[in-house]
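The values are calculated or read from the model by the stated rules, or taken from the named source; none is laboratory data. All figures in this text were calculated on a predicted structure; none of them were measured in a lab. Using ideal geometry, Cβ is built from the backbone for each residue, glycine included, and neighbour counts are taken over all protein chains shown. Just so you know, the surface numbers come from the protein's heavy atoms only, side chains and all, with ligands and any DNA or RNA stripped out. Shrake-Rupley method; radii C 1.70, N 1.55, O 1.52, S 1.80 Å.
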Amino acid sequence: MTTPQEDHQDHEQVLQLAGELRILIGKLRRRLREESHLGDITMSQASVLSRLEREGPATVSSLARAEGMRPQSMAATVLALSEAQMVTGSPDPLDGRQTILTLTDSCRAWIAASRAAREDWLARTLETRLTPAEVTELNSAVALLKRLTE
């Protein structure tokens, strides 16, 4: 049985850990973004491309809902991606007023290269900055982080 003081100390420790994790994950995300070489792609465009890759073809309105954007804003985002030849559209067979958007083959290749660059940087960094024992420890921590996201 723990005392109220011990419970408070445990809670404070967990709060501190939560803050540190938030900051570190943010830094890691920014660093990975730098390694991805997004070029002129905005974060909202990158998010749309990622969603189309993960979830498959979609309409502008379904993308807008999923991304929490107004359809007009999403239409502008999609137009920029279309002009950059990263997405292509075809009529929706169920509703001719809608367009089904898909990633182009060149965009899929670009996404794969971007992902490979990020993973290569991270693997090199793990190998050069951590000992084999630390890599094993980090592997265990990743399993715990996965549980947090489930």
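A few remarks follow.
- Selection status of Asp92, within 30 Å of Ala141 (Cβ to Cβ), among the charged types (D, E, K, R) and at pLDDT below 95: no
- Close pairs from the stretch 130-145: first surrounded by 10 or more Cβ atoms within 10 Å (Cβ to Cβ), partner assigned to a helix (DSSP H, G or I), Cβ under 7 Å, at least 6 apart: Leu130/Leu138; Val135/Leu126
- Taking the criterion of being under 16 Å from Ala58 (Cβ atoms) and surrounded by fewer than 11 Cβ atoms within 10 Å (Cβ to Cβ), the residues of the stretch 91-129 that qualify are Pro93, Leu94, Asp95, Arg97.
- Gly96 touching a strand residue (DSSP E or B) at 6+ places or on another chain (Cβ under 7 Å), more than 30 Å from Trp121 (Cα to Cα) and not in a helix (DSSP H, G or I): no
- Taken over the stretch 23-61, the residue count meeting the criterion of being of a type outside the set (A, V, I, L, M, F, W, C), assigned to a helix (DSSP H, G or I), closer than 16 Å to Ala113 by Cβ and open to solvent by less than 40 Å² (accessible area, probe 1.4 Å) is 1.
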